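The values are calculated or read from the model by the stated rules, or taken from the named source; none is laboratory data. Owing to the predicted nature of the structure, the values given are computational and were not obtained by experimental measurement. Methodologically, a virtual Cβ is constructed for each residue, glycine included, from the backbone with ideal geometry; neighbour enumeration extends over all protein chains shown. Areas reflect the complete protein model, heavy atoms only, side chains present, ligands, DNA and RNA absent. Shrake-Rupley method; radii C 1.70, N 1.55, O 1.52, S 1.80 Å.
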Amino acid sequence: MMFSKKSAAFEGIPNRLYLKKEALVRSGKPIIDLISANVHQHGITYPKTILRRAMRDAVEAAAIYKPDPEGQYVARAAISQYYKAEGISLPPEQIILTPGASISYQYLFQLFTNPGDEILCPAPSYPLFESIAALSDIKIRYYPLVATHRWEMRLDDFESRINSKTRAIVVISPHNPTGSVATSAEMERLCEIARDFSLPIISDEVFSAFLFKTNKLPRPNPAIAPLVVLINGLSKMLALPGVKIGWIGLMGDAHWVKKSVKILQKIS
């Protein structure tokens with residue numbers, strides 16, 4: 001047999017909604033695409049003059065090969081400063097650079113799970129999780145977001161979805177594809193649940209630059225949750241879809257942070 005059993009998960013079964021969309025486009029009927037996350041398609045672009053200067057300087061700085069499994073320190077320091085401006089203490093030593101958010105998830109699934117384990121993710125969602133779960137031989141267990149209540153998390157029955165195979169909780173805020181932003185109260189309750197069950201929280205905030213009703217993004221509290229893992233990157237934040245630079249930021253219990261960084265160094 002030439003291919004692995006795992007490869008069957010990637011042969012691709014078209015999504016019914018995308019099939020419908022493609023049929024409408026072919027028919028010439030006008031549609032309004034409410035699910036495209038490509039900011040360039042909506043006219044948001046990074047200033048070209050600044051980008052050219054940054055790329056020119058980067059080429060010169062990269063002339064000497066200096067491998068670092070965590071990513072170049074100067075970049076991690078800049079990310080640390082970004083969070084400092086947000087009122088968050090995240091030292092460069094607790095940041096791992098990655099080739100985008102998708103790879104960040106793959107690293108973290110390898111960090112936290114064994115084959116057959118489960119990760120809790122919000123629904124609705126997108127195919128990314130299923131694909132990365134297949135690569136990691138794990139399962140995605142979904143918790144619903146309530147459409148009639150601004151797509152909020154149903155935390156009243158959240159604990160019933162946790163079992164002996166649960167290894168982490170994923171929260172996406174701002175959420176893709178609904179656009180909802182978790183409140184401080186929701187984040188605090190989620191952190192309490194994570195603490196009670198000794199679970200890490202993976203907080204995907206790649207759309208953190210797109211806030212409309214608040215100036216500050218509510219984030220998981222590492223003083224409550226045992227381990228908070230932030231995922232972000234330049235692709236959405238700076239409207240640079242071709243620049244696949246992401247990062248993992250680790251906060252919480254010092255022991256778990258130190259161990260996570262050590263293992264992620266090897267994984268990366």
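Return the residue satisfying two criteria in turn: it lies in the stretch 62-99 and is of a type in the set (Ser, Thr, Tyr), open to solvent by 70 Å² or more (accessible area, probe 1.4 Å) and farther than 16 Å from Val257 by Cα, and of such residues it is nearest to the chain's Cα centre (by Cα).
Looking at the filtered set, the residue picked out is Tyr73.
If you take the residues in the stretch 1-31 that are part of a helix (DSSP H, G or I) and either of a type in the set (Ser, Thr, Tyr) or closer than 20 Å to Ile132 by Cα (or both), which one is farthest from the chain's Cα centre (by Cα)?
Restricting to residues being part of a helix (DSSP H, G or I) and either of a type in the set (Ser, Thr, Tyr) or closer than 20 Å to Ile132 by Cα (or both), the top hit is Ser27.
Just one of the numbered conditions (1) in a helix (DSSP H, G or I); (2) within 19 Å of Val228 (Cα to Cα) is not true of Leu97; which one?
Condition not satisfied by Leu97: (1).
Could you please tell me which pairs satisfy a Cβ distance under 7 Å, a separation of 6+ or placement on different chains, a first residue in the stretch 35-64 that is within 30 Å of Tyr18 (Cβ to Cβ), and a second residue that is part of a helix (DSSP H, G or I)?
Between residues of the stretch 35-64 that are within 30 Å of Tyr18 (Cβ to Cβ) and residues that are part of a helix (DSSP H, G or I), the close pairs are Val39/Lys236.
Please go through (1) open to solvent by less than 60 Å² (accessible area, probe 1.4 Å); (2) not in a strand (DSSP E or B) for Leu120 and return the number of the only condition it doesn't satisfy.
For Leu120, the exception is condition (2).
So which residues in the stretch 126-161 are assigned to a loop (DSSP other than H, G, I, E, B), touching a strand residue (DSSP E or B) at 6+ places or on another chain (Cβ under 7 Å) and either modelled with pLDDT under 90 or under 21 Å from Met187 (Cβ atoms) (or both), if there are any at all?
Within the stretch 126-161, Trp151, Arg154 qualify.
Given the residues Pro226, Pro177, which is the only one that is touching a Phe, Trp or Tyr at 6+ places or on another chain (Cβ under 8 Å) and closer than 20 Å to Ile88 by Cα?
From the options Pro226, Pro177, the qualifying one is Pro226.
Which one of Met237, Met187 is at pLDDT 95 or above and under 17 Å from the mean Cα position of the chain (by Cα)?
Criteria check complete, one pass: Met187.
Give me the residue from the stretch 41-56 that is open to solvent by less than 100 Å² (accessible area, probe 1.4 Å) and either modelled with pLDDT under 85 or within 22 Å of the chain's Cα centre (by Cα) (or both) and, out of that set, nearest to Gln94 (Cα to Cα).
Checking each candidate, the answer is Tyr46.
Can you pull out the residues in the stretch 141-183 that are open to solvent by 80 Å² or more (accessible area, probe 1.4 Å) and of a type outside the set (D, E, K, R)?
Thr148, His149, Trp151, Ser160, Ser164, listed by residue number.
For every residue, the table says whether it meets (1) in contact with a strand residue (DSSP E or B) (Cβ under 7 Å, 6 or more places away or on another chain); (2) modelled with pLDDT of 95 or more; (3) surrounded by fewer than 23 Cβ atoms within 10 Å (Cβ to Cβ).
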site: Arg195; (1), (2), (3): no, yes, yes
site: Pro200; (1), (2), (3): yes, yes, no
site: Phe210; (1), (2), (3): no, no, yes
site: Lys216; (1), (2), (3): no, no, yes
site: Asn221; (1), (2), (3): no, yes, yes
site: Ile231; (1), (2), (3): yes, yes, no
site: Gly242; (1), (2), (3): no, no, yes
site: Asp253; (1), (2), (3): yes, yes, yes
site: Lys262; (1), (2), (3): no, yes, yes
